[in-house]
Amino acid sequence: PHVLGRVDAAKALAKFASPAVVDVLAKAILSEKFWHVQGEIAQALGQIRTPAAAQALLKAHAEVEHPKARRAILYALGEFRESQVRDRLLKTYGSEKSYYAYNQAVRALARQGDPAALDVIDQSLKTDSWNDIIRSGALEALAALKPSDAVARLKKHTAYGVPDTRRMTAIRCLA
């Protein structure tokens, strides 16, 4: 089957949240060779939001190596509020090889609403990366978490002299 057909199949299966569909998608994400299709399968599992879907995504996170696919898997894991998912994200965010995957892991933690994500965000704001990707992601995570001091913290990153990428992200987060 063609790549686009596999993408369409994953999107169609996401509409039927049954254990059989989760099993099919869980096998497909591990056997798929193309990262984009793996990402669409991860998104489908994230939409299903069952404990079995979370387990499938955790297994995929452990086995899939392509950074673009991992980024999609991490985004989908952010849909789950289970402690096992949070623990995996806290344990592995710093070991992601891609800045974008690291960024997505931090944002997924913040989307879960866990106050422990604030420590991760603070650490990420101190981390250097190409084009300030990690700091920009930390600002987006801060905006998603919405702590009481979020506005003041975001305003610090809008000052003159802050690199443009991070500055524009902070302004977007304040909007």
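A few notes on this one:
- Considering only Gly94, Gly39, Gly161, the mean-square fluctuation computed in a Gaussian network model of the chain, springs between alpha carbons under 10 angstrom, is largest for Gly161.
- Lys59-Asn131 FRET efficiency (beta carbon distance; Förster radius 30 Å; 0.05 resolution): 0.40
- Counting lysine pairs in the chain whose alpha carbons fall under 18 angstrom apart, excluding pairs fewer than 8 residues apart on the same chain, gives 15.
- Per residue, the accessible area of the range 129-175 comes to 56 Å² when a 1.4 Å probe rolls over the protein heavy atoms.
- Contour excess over end-to-end distance, with Cα ends at Leu174 and Lys33 and 0.36 nm allotted per residue: 46.8 nm
- Cα shape, the chain, gyration tensor, a/c 1.5 rule: prolate
- Solvent-accessible area assigned to carbon and sulfur over the chain amounts to 55 percent, based on a 1.4 Å probe.
- Within-13-Å neighbourhood charge of Val21 [Cβ basis; K, R +1; D, E -1]: +3
- Solvent-accessible surface of the range 1-77, averaged per residue with a 1.4 angstrom probe and all protein chains in place: 53 square angstrom.
- Stretch gain in nm, segment Ser95-Lys146, where the contour uses 0.36 nm per residue and the Cα spacing is subtracted: 15.8 nm
The values are calculated or read from the model by the stated rules, or taken from the named source; none is laboratory data. Just so it is clear, the structure is predicted and the values come from calculations on it, not from any experiment. Glycine also receives a Cβ, built like all others from the backbone with ideal geometry; neighbour counts cover every protein chain displayed. SASA here: full protein model, heavy atoms, side chains in, ligands and nucleic acids out. Shrake-Rupley method; radii C 1.70, N 1.55, O 1.52, S 1.80 Å.
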